[in-house]
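Worksheet for the structure shown next.
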Amino acid sequence: MDSRSAVFNKAGTDLKSMAVGARTQDGRSTVPTIPEFQSKEEERRYCKEHLAAAFRVFADRGYDEGVAGHMSLRDPVLRDHFWINPYAMHFADITVSDLVLVNEEAEVVQGNHAVNAAGFSIHSEIHKAHPWINAVCHAHTVYGKAYSVFGKKLPPVMQDSLRFYGSHSVNLDYGGVVLSTEEGKNIAATLGPKDKVCILQNHGLLSVGETIDEAAYWFMCFDKCCQAQLAIDAAVRDGEGPKEVDHETAFFTEQTIGTRHRGWLNFQPYYTNMVRKTRGEFLL
């Protein structure tokens with residue numbers, strides 16, 4: 001039996017049973033799911049609201065760094081366009097109406113602000129190269145920057161990092177501040193079809209997803225894993241390193257808590273909390 005078969009034949013394991021009381025007596029699910037939309041315009045509004053929320057959540061976590069950092073979301077109506085944050089606006093101030101729609105030629109189609117040139121160079125090439133990637137997040141976080149200097153993947157030593165087992169990559173070709181599309185193409189080429197995160201050596205972290213909720217959660221989770229891994233590395237003494245999780249268990253865990261839907265689901269508490277804390281101000 002190969003490792004993949006072994007994972008899904010673990011005795012007594014049901015990958016769908018992640019919540020007790022997941023259905024009401026009449027069979028309706030009580031677990032949030034990605035909504036279905038009646039129109040593309042309805043989907044666009046939903047996407048923009050969750051993108052604006054992601055900026056607020058990142059601000060709460062101190063992910064802002066001057067004018068650096070950007071998140072983008074492919075427009076569901078104009079698939080070769082994407083929404084991105086305005087240049088030089090603090091993450092904590094961004095609302096739905098502040099978001100800027102740009103096309104692949106860096107032309108502002110909707111919005112009253114300029115956009116970060118480095119952000120456009122990175123995000124546009126990723127969106128063009130990977131049709132399945134709808135959302136991209138990048139920020140200069142303390143732990144992401146610190147871990148990136150080693151140019152290595154996260155080892156499979158803790159449950160949360162197993163979300164990214166076999167599904168993150170490292171871009172080793174740091175070329176300074178991104179001012180051309182070549183660096184964006186380089187990063188896009190590094191991303192594999194299963195990747196959730198790319199570690200940009202000497203730079204920081206970049207996450208991707210089918211939804212902004214998913215990409216934002218992967219970024220937050222990975223950054224915390226970097227923090228934990230740096231602490232683990234600092235605690236190693238006399239050559240005694242941490243015990244790594246075996247392949248079968250690591251693969252099983254990634255397939256259980258590292259799915260696209262699980263990424264989306266894990267962001268929902270942050271979204272609803274932000275609505276409550278701001279009284280929906282970012283939705284304007």
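With respect to the conditions (1) under 21 Å from the mean Cα position of the chain (by Cα); (2) over 26 Å from Arg44 (Cα atoms); (3) basic (Lys, Arg), Lys243 falls short on a single one, namely (1). Across the range 157-205, the qualifying residues are those that are within 17 Å of the chain's Cα centre (by Cα) and charged (D, E, K, R), and the one among them that is surrounded by the fewest Cβ atoms within 10 Å (Cβ to Cβ) is Lys194. Residues satisfying the criterion are absent from the range 44-56 (criterion: of a type in the set (Gly, Ala, Ser), touching a residue at least 24 places away in the same chain (Cβ under 8 Å) and surrounded by fewer than 19 Cβ atoms within 10 Å (Cβ to Cβ)). One residue is enough: does the range 230-245 have a residue meeting the conditions under 25 Å from Val31 (Cα atoms), assigned to a helix (DSSP H, G or I) and either free of Cβ contacts under 8 Å to residues at least 12 places away in the same chain or not aliphatic (A, V, I, L, M) (or both)? Checked against the condition, which is being under 25 Å from Val31 (Cα atoms), assigned to a helix (DSSP H, G or I) and either free of Cβ contacts under 8 Å to residues at least 12 places away in the same chain or not aliphatic (A, V, I, L, M) (or both), the range 230-245 yields no hits at all.
For every residue, the table says whether it meets (1) modelled with pLDDT under 95; (2) surrounded by fewer than 23 Cβ atoms within 10 Å (Cβ to Cβ); (3) more than 26 Å from Gln201 (Cβ to Cβ).
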{"residue": "Asp60", "(1), (2), (3)": "no, yes, yes"}
{"residue": "Asp80", "(1), (2), (3)": "no, yes, yes"}
{"residue": "His90", "(1), (2), (3)": "no, yes, yes"}
{"residue": "Val96", "(1), (2), (3)": "no, yes, yes"}
{"residue": "Val100", "(1), (2), (3)": "no, yes, yes"}
{"residue": "Gly119", "(1), (2), (3)": "yes, no, no"}
{"residue": "Gly144", "(1), (2), (3)": "no, no, no"}
{"residue": "Pro155", "(1), (2), (3)": "no, yes, no"}
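Under the condition of being over 17 Å from Glu41 (Cβ atoms), assigned to a loop (DSSP other than H, G, I, E, B) and without any contact (Cβ under 8 Å) to a residue 60 or more places away in the chain, the residues counted in the range 74-110 number 11.
Scanning the range 123-142 for residues that are surrounded by fewer than 21 Cβ atoms within 10 Å (Cβ to Cβ) and under 17 Å from Ala231 (Cα atoms) turns up just one, Val142. Exactly one residue out of Ala22, Ala53 is at pLDDT below 95, of a type outside the set (Val, Ile, Thr) and either touching a Lys or Arg at 6+ places or on another chain (Cβ under 9 Å) or on the phi < 0 side of the Ramachandran plot (or both): that is Ala22. Of all residues in the range 62-74, those satisfying the criterion of being within 20 Å of Gly263 (Cα to Cα) and either surrounded by fewer than 18 Cβ atoms within 10 Å (Cβ to Cβ) or not basic (Lys, Arg) (or both) are Tyr63, His70, Met71, Ser72, Leu73.
Residues of the range 148-202 that are more than 23 Å from Glu125 (Cα to Cα), hydroxyl-bearing (Ser, Thr, Tyr) and touching a Ser or Thr at 6+ places or on another chain (Cβ under 8 Å): Tyr165 alone.
Scanning the range 186-202 for residues that are in contact with a helix residue (DSSP H, G or I) (Cβ under 8 Å, 6 or more places away or on another chain) and within 20 Å of Ala215 (Cβ to Cβ) turns up Ile187, Ala188, Ala189, Leu191, Lys196, Val197, Cys198, Ile199, Leu200.
The values are calculated or read from the model by the stated rules, or taken from the named source; none is laboratory data. Model, not experiment: these values are computed from the prediction. Glycine also receives a Cβ, built like all others from the backbone with ideal geometry; neighbour counts cover every protein chain displayed.
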